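Working notes, beginning with the structure itself.
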């Protein structure tokens, strides 16, 4: 079966976003070597899984982005999960994360998007049914890993399925004091085994975990 990875940025006190969805702390503590590592990781995946709000943010950013992340984000197959379905891209449905990304990366948009890139964002694979059933179906067969990234509600739901094979948590050297956690709805403790720890120049550390009861 395909491996399912959940990749998220996390503060030292365990939050993936501020109380109102703030994410500027991620950009303030990122570094070129962590970006390079993440890009290499994304090129080794087969599909990008995301919630509907994250989809709206990314669809508004990546097609015309000049960042080094753009090629892989635009090329990957996209899967969007939403019980209510997904409308076409709508600026009114974007979140605080998009605003923070624009503030942290001035002048990084304006590239001309090809028809292929636009089509990949306008026509993602959309899943509205039972999350566990959909994920099990996607994991069938062999191939490159599936990687899920954002948003908070989608990540919580994904954790609840018990189908995540590895957690890629990029721990940033910042304490938020309050915010949104992807682990707040756990019915019982989730025991994880540390597989690898990768430090980066600005102090962020990629912590790769596997569920303690999951074989290597």
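Points to keep in mind about this one:
- Based on C-alpha pairs under 8 angstrom that are at least 6 apart in sequence, the chain has a relative contact order of 37 percent.
- DSSP beta bridges fully contained in the range 4-211 are about 40 percent antiparallel.
- Per-residue ellipticity at 222 nm from helix content only, as computed over the chain with -39500 (n - 2.57) for each DSSP H run of at least four residues, stands at -9000 deg cm²/dmol.
- With neighbours defined as other Cβ atoms within 10 Å of a residue's Cβ, the residues 82, 31, 9, 142 order from fewest to most as 142, 31, 82, 9.
- When the alpha carbon gyration tensor of the chain is reduced to an equivalent ellipsoid, its three semi-axes come out at 24, 22, 17 angstrom, largest first.
- Within the range 149-181, backbone nitrogen closer than 17 Å to the virtual label 7 Å beyond the Cα of residue 193 toward Cβ: 163-168
- Among 24, 75, 166, a tally of other beta-carbon atoms within 10 Å of each Cβ gives an order, fewest to most, of 75, 24, 166.
- For the pair residue 93 and residue 43, the difference between a 0.36 nm per residue extended length and the Cα-Cα distance amounts to 15.2 nm.
- Annotation: extensible slack from residue 125 through residue 33 equals 30.0 nm (criterion: 0.36 nm per residue apart, minus Cα-Cα distance).
- Stretch gain in nm, segment residue 64-residue 83, where the contour uses 0.36 nm per residue and the Cα spacing is subtracted: 4.0 nm
Coordinate-derived values only; no laboratory data. As the structure is a prediction and not an experimental result, all values here were calculated from the model. FYI the Cβ positions are ideal-geometry reconstructions off the backbone, even for glycines, and counts take in every protein chain you see.
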